[in-house]
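*Asks:* One structure, as structure tokens, below. Some questions next.
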Amino acid sequence: GLPAALPALPLELTVLYNSLLFTVGASDSAIKGEAEGIHQGLLRVLEACGARGQDLGTEELWEKVLQEVTVEELQAPLHRLGALQAAWWLAASQLGSVAGLFQLLSTAEDPGRAHCSEGQNKLLSLIKAWRVPPEGASLPLVQSAKDLKEILCTAAAFLQGLQELEAGNFPTALSLLQEAAGGFCSKNILAQIHTCLGCCAQQMGKPQTALQHLKRALQVDFQCLPALSHVAAVYHDLGEIDAELQALTLLYEALGKSPQAAASSGPCFLMRAELLVHTPVLTSLLRRRHPSEVKYLLAQRCLQDGRVADAVEHYLDLLSLLQEGLQQQVPLDGSSALPRIPEVFLEAASALEKAGRHQDAITVCEEVISRTTDLIPRVLRVEERLEQPESSLPGAELAGGLLSQQKETLCCLAWRAAGYLHQGWAWAELGESKEAVTQFSRRVLERVEDAVLRCVCLPVAENLQPEVEVLQKIRLLSLIGRGTQFLELGRIKEALLDFQHSLQISPGDPAAASYLVQALWELNRKQEAAAQWQKFSQSCPAEDGQQQGQGRLLPLYLVSCLEQAVFPHSEALARSIQDYLRAAAQDTPS
């Protein structure tokens, strides 16, 4: 409450500088908001000089103080306070304000000093050009302005590198992040910078460089587990499955251990670079995986690579984790590697089927079926107009909610139908053809076709198309599956109808076409079978097994069903038909 006095202001500003640093150090959390103490300190400087600035914003206030206050004793405290103000603005990503402030600081002491050469980063050049004021022996500082300047340089380079990385300007981002890595920082922030460098190099198509940076991050700070997660991602892109699985295994083991005390990171400072850089892109790059996510990635990659025994082990461990409720800790913002829980169960069933554990697969699918039964309405309704209006227009929120609700209904329908589909194929593998036919004939599979027809015939929003394609494939596989079991039971005509129906759903499907030819052949309609075989052999391209009509990848949980639906007797059937055609040609009079 005392009036401002020029002789006391150097001490007052130094105390303010120290107290703000103590406040930052005590909180040990990211700096947010405004440094109100700095604003008040500047007002007292103006008051002591007989000027006023209550109506000015912080940037205008700094400009007025640095241009009008020429008292020599105040220059050093003001410059130190200016560096602290820059820290607050950096934390708020107000880079323009920081550049403007250092322009003023450098111009105030030397008008020719604030110069940026072509090709140099303007903000970094301005910070480096700032001449640190000398420290007075009578006014000790809790953190020197020289150290603060180095931290500001590191944080500014890191922050700008992240912004360029987010914008897709990878060469510029790489240069700025390398500048930050050579700066003044703790081991913790250095590991973060190398992790970001690795991600940048990966985006630039330089996987080996990415691995070098990520390994460097782990060498600097062994607790920087996001770096290990990115290592696995790089190996995945390289197709090096063994290295990827090794990285994921190490990551899972590390996540299960109690965090140890961090290694010494050098001198301890109240103001540190990690308190100034906290952007969404950094949070995303450094997101710590949940153990259940890593366990899922292990299970998924093993299943995709045909390591069935390992896949089964990982999926069963994962199901145990999920039943303990740990999935509640996994983020639901779309950043998680973990898919929807019913899909995890269905993928586990696929792994169990591949391992020959068909009864276990049936049990797992029953869990999915029972939990989705009440989520599907008795009458499926697909609205004719689901286009998403502009968010600012009336009804946008209602339309978006309706679209989301319909998408969820189709997903639940697909999961339940896929459960019966898996059970049908599992019973078929057990030799129980009648039970298999029962599962393939479930009412929900007919409702799948009804939903597909409704969606195909109406102008449905584009983002429902993936769900529609999955439903279409499930219905196709159920008809092929039931047809194969009718063949096993000797009910050839019923099998023929299912294969004909399959080709109506997916014209030219290789499996359905081959089974159709076999059914005609077994009904002794050999001429018709030969004609169909010739037609399909000329028009049907080889199918990848995972691809859908429009090139989308199908869910992993359907891959085992696709493999089971493949026609197993192609060569034998082809030879029989070719023999028949040769014999028919010889019998035809010339």
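The values are calculated or read from the model by the stated rules, or taken from the named source; none is laboratory data. Please read these numbers as outputs of a predicted model, since none were measured by experiment. Glycine gets a Cβ as well: all are built from the backbone with ideal geometry, and neighbour counts include every protein chain shown. All accessible areas refer to the heavy atoms of the entire protein, side chains included, with ligands and DNA or RNA removed. Shrake-Rupley method; radii C 1.70, N 1.55, O 1.52, S 1.80 Å.
*Asks:* Please give the FRET efficiency for K535 paired with Q359, using the beta carbon to beta carbon distance and R0 = 51 Å, rounded to the nearest 0.05. Please list the in-between numbers first.
*Replies:* Working: r = 41 Å, r/R0 = 0.80.
For R0 = 51 Å, the calculated efficiency reads 0.80.
*Asks:* So, one more: Quick one: of K32/K128; K257/K407; K493/K535, which pairs are farther than 32 Å apart, Cα to Cα? Present the calculation step by step, with values, prior to reporting the outcome.
*Replies:* Numbers: K32/K128 25 Å; K257/K407 39 Å; K493/K535 21 Å.
Result: K257/K407 exceed 32 Å.
*Asks:* Let me ask something else. In the range 153-171, which residues have a backbone nitrogen under 12 Å from the label point lying 7 Å from L95's Cα in the Cα-to-Cβ direction?
*Replies:* 156-169
*Asks:* With r defined as the distance between the Cβ atoms of A167 and L553 and R0 fixed at 25 Å, what FRET efficiency is calculated, to the nearest 0.05?
*Replies:* On the way: r = 29 Å, r/R0 = 1.16.
It comes to 0.30.
*Asks:* Then there is this: Ignoring ligands, DNA and RNA, please state the percent of accessible area on the range 1-107 from carbon and sulfur, probe 1.4 Å. Intermediate results must be reported in sequence, preceding the final value.
*Replies:* Values: 2600 of 4790 Å².
Looking at the range 1-107 in its full context, I get 54 percent from C and S.
*Asks:* Quick one: Kirkwood hydrodynamic radius for the range 405-530, alpha-carbon pairs, angstrom, one decimal? Don't skip to the end; give the middle numbers.
*Replies:* Values: mean 1/r = 0.0666 Å⁻¹.
It works out to 15.0 Å.
*Asks:* Which ³J(HN,Hα) values in Hz, rounded to whole numbers, follow from the phi angles of the range 558-571 under the Karplus curve 6.51 cos²θ - 1.76 cosθ + 1.60, where θ = phi - 60° and Gly and Pro get x?
*Replies:* After applying 6.51 cos²θ - 1.76 cosθ + 1.60, I find 9, 4, 5, 5, 4, 5, 5, 7, 4, 5, x, 10, 4, 5 Hz.
*Asks:* Measure off 7 Å from each Cα along the Cα-to-Cβ vector at K215 and R443, then give the distance between these two points in nanometres to one decimal.
*Replies:* 6.1
*Asks:* At 1.4 Å probe size, with the rest of the protein present, what percent of the exposed accessible area of the range 463-514 is carbon and sulfur atoms?
*Replies:* Numbers: 850 of 1750 Å².
Its accessible area is 48 percent carbon and sulfur atoms.
*Asks:* Next question. How charged is the neighbourhood of I193? Take every other residue with its Cβ under 12 Å from the Cβ of I193, and add Lys/Arg as +1 and Asp/Glu as -1. Working shown, then result.
*Replies:* On the way: positive: K187, R216; negative: E179, D221, E274.
Its environment carries a net charge of -1.
*Asks:* Using the crude model of +1 on Lys and Arg Cβ and -1 on Asp and Glu Cβ, and no other charge, please compute the dipole size for the range 211-257 relative to its Cα centre, in debye to 20.
*Replies:* The dipole of the range 211-257 has a size of about 220 debye.
*Asks:* Would you list E467, E166, E60 from the most to the least accessible area, probe 1.4 Å? Could you put the intermediate results ahead of the total?
*Replies:* Numbers: E467 30, E166 130, E60 95 Å².
Listed by decreasing accessible area, they come as E166, E60, E467.
*Asks:* If you don't mind, there's one more thing I want to ask. Among A232, L318, L197, whose Cα sits farthest toward the positive end of the charge dipole of the range 192-319 (+1 at Cβ of Lys/Arg, -1 at Cβ of Asp/Glu, about the Cα centre)?
*Replies:* Positive-end residue among those listed: L197.
*Asks:* Contour minus end-to-end for R454 and T279, with contour as 0.36 nm per residue of separation and end-to-end as the Cα-Cα distance?
*Replies:* Values: separation 175, 0.36 × 175 = 63.00 nm, distance 4.47 nm.
Between R454 and T279, full extension yields 58.5 nm more.
*Asks:* Moving on. Would you mind calculating the gained length between F22 and Q465 on full extension (0.36 nm times residue separation, minus the Cα-Cα distance), in nm to one decimal?
*Replies:* Contour length minus the Cα-Cα distance gives 153.8 nm.
*Asks:* Sum up the charges of everything whose Cβ sits under 12 Å from the Cβ of C153, counting Lys and Arg as +1 and Asp and Glu as -1, but leave C153 out.
*Replies:* Numbers: positive: K128, K146, K149; negative: D147, E150, E179.
Computed value for this residue: 0.
*Asks:* Right, here's the next one. Given labels modelled 7 Å from the Cα in the Cβ direction, how far is it in nm from C49 to D237?
*Replies:* 5.2
*Asks:* Return the distance in nm (one decimal) between the two label points of a simple spin-label model at S320 and L250, each offset 7 Å from Cα along Cα→Cβ.
*Replies:* With each label placed 7 Å out from Cα toward Cβ, I get 2.5 nm.
*Asks:* K146 accessible area, nearest 10 Å², 1.4 Å probe?
*Replies:* Accessible area of K146: about 130 Å².
*Asks:* Please state the shape class of the range 1-107: rounded when a/c is under 1.5, otherwise prolate if a/b exceeds b/c and oblate if not, all from the C-alpha gyration tensor. If you can, show how the numbers build up before the last one.
*Replies:* Working: a/c = 1.73, a/b = 1.27, b/c = 1.36.
Oblate is the answer for the range 1-107, as a/c is 1.5 or above yet b/c matches or exceeds a/b.
*Asks:* Still on this structure, please answer the following. Apply the a/c threshold of 1.5 to the C-alpha gyration tensor of the range 165-252 and tell me whether it is rounded, prolate or oblate.
*Replies:* Details: a/c = 2.60, a/b = 1.28, b/c = 2.03.
Oblate, since a/c reaches 1.5 and b/c is not below a/b.
*Asks:* Which net charge results for the neighbourhood of W427, defined as the other residues with beta-carbon distances under 10 angstrom from its beta-carbon, given Lys and Arg at +1 and Asp and Glu at -1? Could you put the intermediate results ahead of the total?
*Replies:* Details: positive: K434; negative: E429, E432, E435.
In short, -2.
*Asks:* Oh, and also: So between V566 and E34, what do we pick up on full extension, going 0.36 nm a residue minus the alpha carbon distance? Walk me through the numbers on the way to the answer.
*Replies:* Numbers: separation 532, 0.36 × 532 = 191.52 nm, distance 6.58 nm.
Separation in residues times 0.36 nm, less the Cα-Cα distance, equals 184.9 nm.
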